[in-house]
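Below: one structure, written as structure tokens.
Each reported figure results from applying straightforward, stated rules to the coordinates on display, with no laboratory input. Only a predicted model underlies this, so the values are computations on that prediction, with no experimental measurement involved. Cβ: placed from backbone, ideal geometry, glycine included. Neighbour counts: every protein chain shown.
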Amino acid sequence: MPKNLTRPDVPHAIAPPPIPDNRIVTLDEFIIRSEKDFEYATGELTGLLRDIGVAAKIINREVNKAGLVNILGVSSGNENQSGDVQQKLDVYANERLVECLQNSGECCAVASEENDDIIPVPGVGYKPNHYVVLFDPLDGSSNIDVNVSVGTIFAIYRRISDPSGPPSREDFLQPGKRQVAAGYVLYGTSTILVYTTGRGVNGFTLDPSIGEFCLSHRNMRIPDNGQNYSVNQGYYSKFDLEMRRYIDHCSDQNYGLRYIGSMVSDIHRILIHGGIFLYPSTRKYPGGKLRLLYECNPLAMIVEQAGGKAINTGLKRILDIAPGELHQRSTVALGSPAMVDELKAFIERYSALPI
Ligand code: AHG
Ligand code: MN
Ligand code: MN
């Protein structure tokens with residue numbers, strides 16, 4: 001065990017009482033109670049999850065009044081590192097998250113869809129920090145101007161560089177299976193924060209009357225099978241043969257097509273009702289469009305923790321992919337285990353055939 005993890009002064013022998021069924025449990029209370037799940041917990045991870053909860057409330061406030069405060073539309077002359085147009089709310093959400101994580105100084109660096117490189121975070125006082133946080137501050141941002149649900153996605157890793165030195169890119173380039181926590185916030189008909197620390201998935205709905213996220217979806221489990229598939233079918237002719245055959249099969253089976261265009265929203269529906277989400281290679285994005293580190297990995301961890309599966313179209317488990325770059329893209333298929341297995345069979349059967 002690395003020396004910096006040893007905290008003999010922090011006893012974990014006294015477990016707090018179980019969370020009762022019959023009263024409101026806030027996100028903060030839940031996080032603090034769950035700290036006992038982590039051996040040698042120092043409170044940093046707890047603090048990080050709370051920081052993200054605070055940033056989510058601030059972003060939620062702005063998303064909700066977006067039409068009133070001149071924050072809709074494209075940010076002036078801005079494109080992010082991937083060449084995507086930045087919306088004003090992308091920029092706003094990014095700034096709030098960076099700010100919340102920097103102010104608390106609980107992590108040593110952050111990385112975002114909206115920033116080219118990692119952003120080191122100075123510690124508060126003399127305290128080496130052990131975690132890095134990656135995020136997509138606003139997912140589905142092309143939906144903002146039309147009042148359709150958007151989200152925030154985050155992933156937390158324990159750094160692998162020496163905690164007494166500066167953070168490095170390698171701290172972020174770890175396979176998704178090393179995530180210590182991952183989650184999303186969905187700014188929908190209600191606002192919900194869903195996260196996992198590798199011990200199941202729980203969801204917390206924001207109660208606007210008290211300004212707190214309250215436990216509403218305990219131990220979320222994805223249905224084994226589903227009746228819906230989620231893909232941008234407008235690109236059908238640009239998909240590989242095996243994907244077209246699988247989509248034809250979904251249609252033959254009378255599965256419903258549901259595609260919101262905010263991955264967070266599509267995944268949230270799938271977590272609750274079952275189904276499969278696909279973003280395969282297209283001619284424009286031969287390696288897939290979605291970003292491995294802050295879109296695919298965190299949502300793959302959530303889906304797996306809820307009993308689902310997540311693979312790329314090369315049939316590799318998303319969480320096993322060793323990343324090479326911060327903004328790397330990946331193809332992705334995730335959701336109900338039976339549906340992912342069925343897709344896998346189509347890929348095995350048709351991928352060797354000529355297109
Ligand atoms: P972002 O807004 O963070 O750039 O992400 C958009 C992503 C994802 O949320 C969504 O599923 C997908 O892009 C939609 O892409 P298409 O419009 O190509 O279907
Ligand atoms: Mn996104
Ligand atoms: Mn985004």
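What to note about this one:
- Hydrodynamic estimate: the Kirkwood radius of the range 152-214 over Cα pairs, inserted into Stokes-Einstein at 4 °C and 1.567 mPa s, corresponds to D of 95 µm²/s.
- Amide H to amide H, with H built 1.01 Å from N, residue 212 comes under 5 Å of 207, counting only residues 5 or more places away or on other chains.
- Estimated distance in nm for a label pair at residue 227 and residue 189, the labels positioned 7 Å out from Cα along Cα-to-Cβ: 1.7 nm
- With neighbours defined as other Cβ atoms within 10 Å of a residue's Cβ, the residues 118, 210 order from fewest to most as 210, 118.
- Excluding exposed DSSP-loop GluC sites (Glu not before Pro) (at most 15 other C-beta within 10 Å), longest clean stretch of the chain: 40-324
- Look at 289, 36, 65 and count the other Cβ atoms within 10 Å of each Cβ; fewest to most, that gives 65, 36, 289.
- Against the chain, whose longest principal axis comes from its Cα atoms, helix 241-252 is set at around 80 degrees.
- Relative contact order (%) - the chain, alpha-carbon pairs under 8 angstrom, separation at least six: 14 percent
- Structure-based [θ]222 nm, the chain - -39500 (n - 2.57) summed over DSSP H runs of at least 4, per residue, nearest 500: -8000 deg cm²/dmol
- Counting every alpha-carbon pair across the range 27-217, the share separated by more than 23 Å comes to 42%.
- The chain: angle of helix 88-104 to the longest principal axis, Cα-based, in degrees nearest 10: 30 degrees
- For the range 162-280: rounded, prolate or oblate by the Cα gyration tensor [a/c cutoff 1.5]: oblate
- Likely footprinting exposure, 46, 191, fewest C-beta neighbours within 10 Å first: 46, 191
- Its alpha carbons considered, the range 228-350 gives a radius of gyration followed by a Dmax of 13.1, 40 Å.
- Label-to-label distance for residue 36 and residue 238 is 5.2 nm, based on points extended 7 Å past Cα in the beta-carbon direction.
- With Cα atoms as the point set, the radius of gyration and Dmax of the chain evaluate to 20.1, 63 Å.
- Chymotrypsin sites (Phe, Trp or Tyr not before Pro) within the range 108-148, DSSP loop, no more than 11 other Cβ atoms inside 10 Å: 126
- Nonlocal amide H pairs with residue 256, under 5 Å, H built at 1.01 Å: 228, 229
- Under the simplified labelling scheme, the residue 350-residue 325 pair shows an inter-label distance of 2.9 nm, with each label point 7 Å from Cα along Cα→Cβ.
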